[in-house]
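Visitor: I have a structure here, written as structure tokens, and I will follow up with some questions on it.
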């Protein structure tokens with residue numbers, strides 16, 4: 001089969017490499033970036049591993065790729081995505097709806113609210129001074145700061161134990177801000193955070209899984225918020241409470257749209273019900289490499305093709321997939337990455353290119369790759385993924401080593417136990 005991986009930041013490079021290894025004809029079509037300082041490293045990503053061309057070139061020469069399946073690895077290039085769909089090309093992922101759900105928070109909340117999916121109370125501000133005044137009138141409530149624009153680490157969570165102290169902590173943080181981005185203050189809800197995703201074909205729910213991730217960069221939940229430091233994935237019944245009280249409430253909307261793709265919800269399960277955070281209806285961070293590398297019993301090419309042609313039937317193993325993001329504290333190009341060939345298929349590559357027989361870092365991402373492993377329990381899955389991560393060598397390699405632990409707030413093991421005890425699984 002022929003696949004085109006349409007990408008902006010090369011998040012789908014690992015998929016392209018796996019498809020190539022399965023014997024498919026694969027091209028990575030990249031959108032490009034405007035930051036001239038990063039262009040040299042950006043241009044290196046994927047070189048020597050997969051054929052590359054610009055997305056504009058692929059669109060202009062699209063008839064040559066009429067037989068291809070076009071996979072959007074993230075929500076980007078919406079105009080191009082919708083254009084290909086209109087012309088009858090086979091496209092999976094991306095598009096106007098998914099992009100709106102991820103990037104237009106107001107539209108997303110209006111959409112989910114129609115079906116009884118409720119976010120924590122949130123309040124929008126253009127300037128810090130107005131937010132400080134608001135907080136001074138609500139000193140008994142803790143809030144999270146979420147900018148409309150910026151990096152993951154710019155989302156701010158209080159570290160104080162009590163609501164009053166957390167409120168004061170946020171006021172001081174707001175007074176120090178130099179960002180001009182509008183933002184929201186979202187009421188901090190106590191509970192168990194998780195993500196549920198359902199796969200739809202023509203509006204019919206076919207499969208569901210849960211991803212429990214930790215987003216703090218350093219062991220013990222210290223450091224910056226990043227995309228995903230590590231996670232655990234596992235299949236769950238579409239009939240489960242976790243699905244039915246989150247994405248399940250939106251089933252009528254997906255049926256009406258005759259939607260094919262991923263429908264997800266990030267939420268907190270609390271004593272007073274489910275509180276919705278966000279939807280990112282795309283391939284995301286570690287969750288999909290983890291699921292597709294560790295639990296999927298079909299080939300990647302067959303899975304993608306069946307989603308597009310409507311024949312998809314889930315074929316995932318019981319148990320747990322574990323992932324571990326491996327990164328460099330100080331990204332740099334041209335650093336050698338080494339690992340035994342025996343674990344090559346367990347790695348999802350991000351910031352890499354090949355020169356001769358050397359696999360090298362491109363220096364565009366902090367994240368170099370994701371290690372993956374399977375286990376029948378969360379602890380054994382974590383032990384297996386750590387064993388593989390330890391075999392990967394590159395200068396300045398870093399990764400969390402406490403994924404199977406219980407002594408930090410985001411412990412996936414404790415969250416899984418809580419969700420079981422609460423009857424969500």
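The values are calculated or read from the model by the stated rules, or taken from the named source; none is laboratory data. Predicted model only: the values in this text are computed from it and were never measured. Reconstructed Cβ throughout: ideal geometry from the backbone, glycine too, with neighbour counts over all protein chains shown.
Visitor: Testing residue 227 on (1) at pLDDT 95 or above; (2) in a strand (DSSP E or B); (3) surrounded by fewer than 22 Cβ atoms within 10 Å (Cβ to Cβ), one condition comes back false. Which one is that?
Guide: (1)
Visitor: Would you be able to tell me the number of residues in the range 55-68 that are in a helix (DSSP H, G or I) and surrounded by 16 or more Cβ atoms within 10 Å (Cβ to Cβ)?
Guide: Total satisfying the criteria: 5.
Visitor: Okay, moving on. How many residues are modelled with pLDDT under 95 and either closer than 18 Å to residue 415 by Cα or touching a strand residue (DSSP E or B) at 6+ places or on another chain (Cβ under 6 Å) (or both) when one looks only at the range 282-294?
Guide: Looking only at that region, the number is 1.
Per-residue answers, yes or no, for (1) within 27 Å of residue 30 (Cβ to Cβ); (2) surrounded by 15 or more Cβ atoms within 10 Å (Cβ to Cβ); (3) assigned by TED's automatic domain parsing to the domain that holds residue 33:
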residue	(1), (2), (3)
326	yes, yes, no
362	yes, yes, no
368	yes, yes, no
377	no, no, no
390	no, no, no
400	no, yes, no
406	no, no, no
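Okay, residues lined up against (1) free of Cβ contacts under 8 Å to residues at least 12 places away in the same chain; (2) touching a helix residue (DSSP H, G or I) at 6+ places or on another chain (Cβ under 7 Å):
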{"residue": "61", "(1), (2)": "yes, no"}
{"residue": "64", "(1), (2)": "yes, no"}
{"residue": "69", "(1), (2)": "no, yes"}
{"residue": "74", "(1), (2)": "no, no"}
{"residue": "77", "(1), (2)": "no, yes"}
{"residue": "80", "(1), (2)": "no, yes"}
{"residue": "87", "(1), (2)": "no, no"}
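Visitor: In this structure, is residue 140 in the same structural domain as residue 277 (by TED's automatic domain parsing), more than 25 Å from residue 422 (Cβ to Cβ) and in contact with a helix residue (DSSP H, G or I) (Cβ under 9 Å, 6 or more places away or on another chain)?
Guide: no
Visitor: Still on this model: Inspect the range 285-298 for any residue being more than 22 Å from the chain's Cα centre (by Cα) and either surrounded by fewer than 20 Cβ atoms within 10 Å (Cβ to Cβ) or in the same structural domain as residue 15 (by TED's automatic domain parsing) (or both) and give the result as yes or no.
Guide: The answer is no, given that none of the residues of the range 285-298 is more than 22 Å from the chain's Cα centre (by Cα) and either surrounded by fewer than 20 Cβ atoms within 10 Å (Cβ to Cβ) or in the same structural domain as residue 15 (by TED's automatic domain parsing) (or both).
Visitor: I've got another one for you. Could you say whether any residue in the range 305-322 is assigned by TED's automatic domain parsing to the domain that holds residue 390, modelled with pLDDT under 95, under 30 Å from residue 81 (Cα atoms) and touching a strand residue (DSSP E or B) at 6+ places or on another chain (Cβ under 7 Å)?
Guide: No - not one qualifying residue is present in the range 305-322.
Visitor: Residues in the range 321-344: is at least one assigned to a helix (DSSP H, G or I) and in contact with a helix residue (DSSP H, G or I) (Cβ under 9 Å, 6 or more places away or on another chain)?
Guide: Among the residues of the range 321-344, at least one is assigned to a helix (DSSP H, G or I) and in contact with a helix residue (DSSP H, G or I) (Cβ under 9 Å, 6 or more places away or on another chain), which makes the answer yes.
Visitor: Within the range 259-284, which residues are in a strand (DSSP E or B) and more than 19 Å from the chain's Cα centre (by Cα)?
Guide: Matches in the range 259-284: 269, 270, 273, 274, 275.
Visitor: Out of curiosity, is residue 43 surrounded by fewer than 17 Cβ atoms within 10 Å (Cβ to Cβ) and part of a loop (DSSP other than H, G, I, E, B)?
Guide: Judged against the criteria, residue 43 is not a match.
Visitor: Out of all the residues in the range 356-395, which are within 20 Å of the chain's Cα centre (by Cα) and part of a strand (DSSP E or B)?
Guide: 367, 368, 369, 370, 371, 372, 373, 374 - these are the residues of the range 356-395 that are within 20 Å of the chain's Cα centre (by Cα) and part of a strand (DSSP E or B).
Visitor: A follow-up question, please. Being touching a helix residue (DSSP H, G or I) at 6+ places or on another chain (Cβ under 6 Å) and either under 26 Å from residue 286 (Cα atoms) or without any contact (Cβ under 8 Å) to a residue 24 or more places away in the chain (or both) is the filter here, so list the residues in the range 157-201 that pass it.
Guide: Listed by number, the residues that qualify are 158, 160, 192, 196, 198, 200.
Visitor: Related question: Out of the residues in the range 202-211 that are in a strand (DSSP E or B) and touching a helix residue (DSSP H, G or I) at 6+ places or on another chain (Cβ under 8 Å), which is farthest from residue 412 (Cα to Cα)?
Guide: Per the stated criteria, the residue is 204.
Visitor: For the range 69-175, which fully contained helices (runs of 4 or more DSSP H) count at least 3 residues that are modelled with pLDDT of 95 or more and surrounded by fewer than 12 Cβ atoms within 10 Å (Cβ to Cβ)?
Guide: none
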